[in-house]
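Okay, so here's the structure we're looking at.
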Amino acid sequence: MTDDWEPVDLSPLDPARRGDWTALVEATRRAMAAAVGARVLGPGPLEIMSGWARPILAAAAVLLAILGGAEAMLHRSVSSAPARLGDARRLALLSEASVAHGRVPSGAELRTLLREQAR
Amino acid sequence: MEDTDAALVARVRAGDSRAADRLLERYLRACRAVALAVTGDEADADDACQEGFLAAIEQIDTCRNPARFGGWLLQIVRNRARNLVRRQAVRAAEPLELHQVAGGASAAAEVERDELRERLLAALAALSQVQREVVLLHDLEGWTHEEIAGHLGLAAGTVRSHLHHARRHLRRILNEDLA
């Protein structure tokens, strides 16, 4: 029969024996009270402003995307006008050459024209 | 009437600092025992216990089961203590072992107490971490088998077994030390 069912005396490890334990408990209590108090007071002005940062950034990103899209559309419509004139000119020249030679433009000729248009 | 953990957690969430005080009275020493079981160093255990407790109060909204606040809190403290040990291991690049920070006490009684603490910490170092937690919570903090089982997520029989083995090892090591 052993005494393994009896507690071991661990009292030298009792933190309350040390003076600094009381100081630690009090410091923890103060920090904790501040943390719990902050829950009642709610967020401060800085926290509120930092909370706005995300929606403001999101709105700015959406605005940027809309403006960017609009600008790209405007740019495309402006830059595509001369391209369309050039295409029309090429189509006219092809038709004229076909009439002069008395033949219908071949599929390859039309494909080449369309490829150039796409470029 | 005894406040339940769940009731205290709800009150802390509503901003009641007295409820937080009750949780501190109920658990801070247990946090320290668990931290000591991990770090093996009293000063580090104090740091990890304080940091862990405050972190738990700050993030109390994330405690999914307030009725099991104790186990959740002890896990936070355990993680803090492990991180502390890991950081120190990297910094010091020396093997992890339980040790006692040397004190500057000059009085004979103080020196004797320091030696006793050192021997106990060295004896505890020979146990597994769960055995250390169990024996510290039971024999130092006075928790029951059932309380330890509930908070550590173990069966009560397992707690009894860990405690039995921990005490046997501690006594053997301490007796060898004295011989």
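The values are calculated or read from the model by the stated rules, or taken from the named source; none is laboratory data. Bear in mind that the values here come from a model prediction, so they are computed numbers and not experimental data. Note: areas computed on protein heavy atoms with side chains; ligands, DNA, RNA excluded. Shrake-Rupley method; radii C 1.70, N 1.55, O 1.52, S 1.80 Å.
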### Summary
Residue-ordered couplings for the range B:117-134, obtained by feeding phi - 60° into the Karplus form 6.51 cos²θ - 1.76 cosθ + 1.60 and rounding to whole Hz (Gly and Pro as x), are 4, 4, 5, 5, 5, 5, 5, 5, 4, 7, 8, 6, 4, 5, 5, 4, 4, 5
### Message
I'd like the interface area for chains A and B: accessible area of each alone minus the complex, both sides summed, 1.4 Å probe, protein heavy atoms only. What is it in Å² to the nearest 100?
### Response
3200 Å²
### Query
Just the accessible area for A:V104, please: 1.4 Å probe, Å², rounded to the nearest 10?
120 Å²
### Query
Taking 0.36 nm per intervening residue step and subtracting the Cα-Cα distance, what contour gain separates B:Q75 from B:R13 on full extension?
20.3 nm
### Task
Can you sort A:D9, B:D21 by 1.4 Å-probe accessible area, starting with the largest?
A:D9, B:D21
### Message
With a 1.4 Å probe and all protein chains kept in place, how much accessible area does A:W5 have, in Å² rounded to the nearest 10?
### Response
150 Å²
#### Entry: Karplus (6.51, -1.76, 1.60) ³J(HN,Hα), θ = phi - 60°, over the range B:153-164, in Hz, Gly and Pro reported as x
x, 10, 6, 4, x, 5, 4, 4, 5, 4, 5, 4
### Query
Going from most exposed to least, what order do A:T28, A:T22 have by accessible area with a 1.4 Å probe?
A:T22, A:T28
### Query
Per-residue HN-Hα couplings for the range B:15-30, Karplus 6.51 cos²θ - 1.76 cosθ + 1.60 at θ = phi - 60°, whole Hz, x for Gly and Pro?
x, 8, 6, 5, 5, 5, 4, 5, 5, 5, 4, 6, 10, 4, 5, 5
### Query
Just by accessible area at a 1.4 angstrom probe, what is the order of B:I57, A:I66 from largest to smallest?
A:I66, B:I57
